[in-house]
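Quick notes on the structure that follows.
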Amino acid sequence: MMLKQEKTEEKAKALLQLKAYLSLEEKPLRIEGFDISNIHGRYPTGSVVVFEEGKREKSEYRRFKIKKVEGIDDFAMLSEVVDRRYRRIIKEKGNLPHLILVDGGKGQVSSCLKVLRSLGLDDLPLIGLAKELEEVYLPGKSLPLDIPQNSAALKLLQEIRDEAHRFAHTFHIQSREKGLKASSLDEIPGIGRETRKLLLTHLKSVDQIRNKSWRKLAEIPGIGEKRARKILDYLSSKIDSPPC
């Protein structure tokens, strides 16, 4: 494993490279990374993670429930998170980043730039990191920036992007699970409050219920085959694909 001193040197190298590649006036000592997570527009969440001098500052991470966007619109969701983040920082006179990183390409960057302009923050450096080819996009540029794939700079951007994704996705799962507990079991025809309580007492979460076979579910006292099949049929129809 890389020693602590070597990691520190690698982070410092990455910041110097980013300053050069992005033509920044100063090293991006504070970088904020954004991502969103949802499943076909349901239970949408967003996140911002903060890196200081290339290191994670977890106490400054923030997560968001999307409030203003209905349906599938990743651009609008990301824009909402960026807007709420920097409106609050402006109001509270907090620290602005030296660089903003969003998960995505030209579309995401363009959407977020509009938000920053509306807040008078369009002078903040903004870039996007697209997953497929790990390409970096700048506002107003149709072609990606040429940053070597094995560079310390790109590795740091990938770390920030992946951490933002992890944080948003974790919150999405929590929100989805809470929503399913509150609504999915309630909506199953013929399944009353006592049965719902019984299920969650034995299996703790909706995911655990959904992952059981009907035979295992039927073994729970008071459930039986008919109810077990009805429950699993309903839950499989509610969640049929992974979140983005």
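The table that follows gives values for the structure above.
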{"read-out": "Qualifying position, being at pLDDT below 95 and among the acidic types (D, E), among D83, D103", "value": "D103"}
{"read-out": "Odd one out for S79, checked against (1) surrounded by fewer than 16 Cβ atoms within 10 Å (Cβ to Cβ); (2) out of contact with any strand residue (DSSP E or B) (no Cβ under 9 Å at 6 or more places or on another chain); (3) within 30 Å of D146 (Cβ to Cβ)", "value": "(1)"}
{"read-out": "Residue among S175, S241, S236, S184 that is hydroxyl-bearing (S, T, Y), in contact with a helix residue (DSSP H, G or I) (Cβ under 6 Å, 6 or more places away or on another chain) and at pLDDT below 85", "value": "S184"}
{"read-out": "Qualifying residue in the stretch 31-50 (condition: touching a residue at least 40 places away in the same chain (Cβ under 8 Å), in the same structural domain as P139 (by TED's automatic domain parsing), closer than 22 Å to V115 by Cα and not in a strand (DSSP E or B))", "value": "no"}
{"read-out": "Pair list, Cβ < 8 Å and 6+ apart or interchain, from the stretch 137-163 residues that are surrounded by fewer than 18 Cβ atoms within 10 Å (Cβ to Cβ) to residues that are in a loop (DSSP other than H, G, I, E, B) and charged (D, E, K, R)", "value": "Q149/E134; Q158/E134"}
{"read-out": "Residue in the stretch 27-50 that is more than 26 Å from L145 (Cβ to Cβ) and out of contact with any helix residue (DSSP H, G or I) (no Cβ under 9 Å at 6 or more places or on another chain) present", "value": "yes"}
{"read-out": "Selection count where residues are among the aliphatic types (A, V, I, L, M) and surrounded by 18 or more Cβ atoms within 10 Å (Cβ to Cβ), scope the stretch 23-38", "value": "2"}
{"read-out": "Single unsatisfied condition, H169 versus (1) at pLDDT 95 or above; (2) part of a helix (DSSP H, G or I)", "value": "(1)"}
{"read-out": "Of the criteria (1) part of a loop (DSSP other than H, G, I, E, B); (2) out of contact with any helix residue (DSSP H, G or I) (no Cβ under 7 Å at 6 or more places or on another chain); (3) buried (at least 16 other Cβ atoms within 10 Å of the Cβ), which one R85 fails", "value": "(1)"}
{"read-out": "Qualifying residue in the stretch 139-156 (condition: in a loop (DSSP other than H, G, I, E, B), modelled with pLDDT under 90 and among the β-branched types (V, I, T))", "value": "no"}
{"read-out": "First in the stretch 2-15 and more than 15 Å from Q158 (Cα to Cα), second anywhere and charged (D, E, K, R) and surrounded by 10 or more Cβ atoms within 10 Å (Cβ to Cβ), Cβ under 9 Å, 6 or more apart", "value": "M2/E10; K7/K55; T8/E53; T8/K55; A12/K27; A12/E53"}
{"read-out": "Number of the condition not met by P97 [criteria: (1) modelled with pLDDT of 95 or more; (2) farther than 16 Å from R161 by Cα; (3) not hydroxyl-bearing (S, T, Y)]", "value": "(2)"}
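The values are calculated or read from the model by the stated rules, or taken from the named source; none is laboratory data. A quick note: this is a predicted structure, and the numbers were derived from the prediction, not measured. Reconstructed Cβ throughout: ideal geometry from the backbone, glycine too, with neighbour counts over all protein chains shown.
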